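Inspection log for the structure reproduced underneath, given as C-alpha cells.
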C-alpha cells in the first residue's frame, strides 16, 4: 500500500492539469497492471483509459491528474512521475510517451451516432471516402472497432458532432459509389433495449418466392415470376398482382404446400441471426405477402413469436385460386409491425424491419431501424439502411454484436 493519502474526488468536468501516458508496442500479459502500479505511487486520480490490441500490437493510454508535490506547494511532482513511467519502457519493451495538458478529454459534441460499414471486400478507398464524408458533415470519429472479419468485414465507428439523419443520407450515397454497405443509428440508451425484429419472408428469410414454387405445380412458374418481379419493383399494385397470380394456382393440390415447405432454403445466416438475438431476449415476427400454411410452419420451426400472411381458399383438397380476407400488402405490413410492437410492449423506435420489396417500404419506414436486404434498386434507394451481402446474420453487427461474441455463445451451448 502507498502512503500518499486520499485524493479528493474529481468534479464531473475536471479542468485542472492532466497527464496522458501512452504505451505502444508488442502486447504482453500484465502491462496495465504494471502501469497502474507505478501510477499508484503518486497522489493522482485516473480520468480515462483506452486500450487497443491489433495483431498483438498494443496501444494503452491512461489520462490522470497531474500529481501534487508531497509538501502541497504550488509546484508539481512532474519529474518523479516522468522518470517512473519512462522506466517502464525498457522493462516492458514498449515505447512510452508523456503529454501534458489541461482538463478532461475534449467533450464529445452534440449528435452522436454509430456508423457500421460492411464490405466484402472492404477497401481502403471506401474507408477514406466515408471518413472524409463524416468530416465534411461536421462529425468527429471518437472510436473505431472491428465487429467481424467474415463472412464480411464489419467496422463500427462512433461519431459525434454530426446529425445522424444527415450522415445516413450522405454516407449511403458514398457507400453505394464504393460498393459497400453502411448503417447509421443514433446512439443512446435505447440501443441497448430489447427489440422486436420483423422480417419479410420471400427472398429475405428464405431464398426464392413461395408463390413461384407453387406456380411450378401449375405449369406457369415463368409467367408468375414475371408478375412477382414487377410487383416487387413497385410497378404493379401488390394486392391486384397477388389476386392475379393466385388465380393461376386454381386446381393445384393442397399437398403442393407440403412439397414447397420441404424444399425451402433459408438465407445463409438466418438461423444464426435468430439464435443470437433470441439469446438476448429479442422478439421476432414474420410478415409476408405469402401464405399462412407455409409461414406458420416456418414460425414454429424457428421459434418466431408472431406472424401474419395471406390465407388461401381450399376446397376438396385443392387450391381454388382465391385469397381469403384482406391481403397483407404494403400498408398491411406496416400495420402488422405496429400491432406486433404493441403486443410485445416494445416501442416502435426499438423495432427492426427487414425486407426486399416495394411492399416492404412502409414497414421499413415505420421501424426504428429499417433495413433493405438485397433489395430491388427502388427499395434500396428509399430505405435508410441497405445491406447487399447475401448473409442475414450481418444484421447483428448493426446492433453492436461482434462475430467473436456470436462464436463464443455458440461454443458455450455445445460445452
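What follows draws every value from the coordinates through simple rules; no lab data is involved. Predicted, not measured: the structure shown is a model, and the values here were computed from it. Ideal geometry is used to build each Cβ from the backbone, glycine not excepted, and the neighbour counts take in all protein chains shown.
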If you count, for each residue, the other Cβ atoms within 10 Å and average over each peptide, how do 170-178, 283-291 line up from highest to lowest?
283-291, 170-178
Placing each pseudo-label 7 Å from Cα in the direction of the beta carbon, residue 144 and residue 102 end up separated by a distance in nanometres of 3.2 nm
Arrange the following residues from fewest to most other Cβ atoms within 10 Å of their Cβ: 324, 414.
414, 324
log₁₀ of I(q)/I(0) at q = 0.10 Å⁻¹ - segment 17-102, Debye sum with one point per alpha carbon
-0.24
Taking every DSSP bridge whose two residues both lie in the chain, the antiparallel percent to the nearest 5 is 75 percent
For the chain, what is the calculated [θ] at 222 nm in deg cm²/dmol (nearest 500), taking -39500 (n - 2.57) for each run of four or more DSSP H residues and dividing by its residue count?
-10500 deg cm²/dmol
With everything on Cα atoms, drop me the angle between helix 164-177 and the longest principal axis of the chain, reported from 0 to 90° to the nearest 10.
70 degrees
Gaussian network model of the chain, Cα within-10 Å springs - most flexible of 98, 211, 274
98
Could you check how many percent of all C-alpha pairs in segment 269-415 are farther apart than 18 Å?
62 percent
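Thinking of the chain as a set of Cα atoms, what percent of all their pairs are more than 36 Å apart?
Across the chain, Cα pairs with separations above 36 Å total 41 percent.
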Per residue, how big is the convex hull of segment 199-269 when only Cα atoms are used? Give it in Å³.
93 Å³
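Any chance you could tell me what percent of the C-alpha pair distances in segment 112-192 go past 19 Å? Mind dumping the intermediate values first?
Numbers: 924 of 3240 pairs.
I get 29 percent for the Cα pairs in segment 112-192 exceeding 19 Å.
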By Cβ neighbour count within 10 Å, fewest first, 273, 157 rank 157, 273
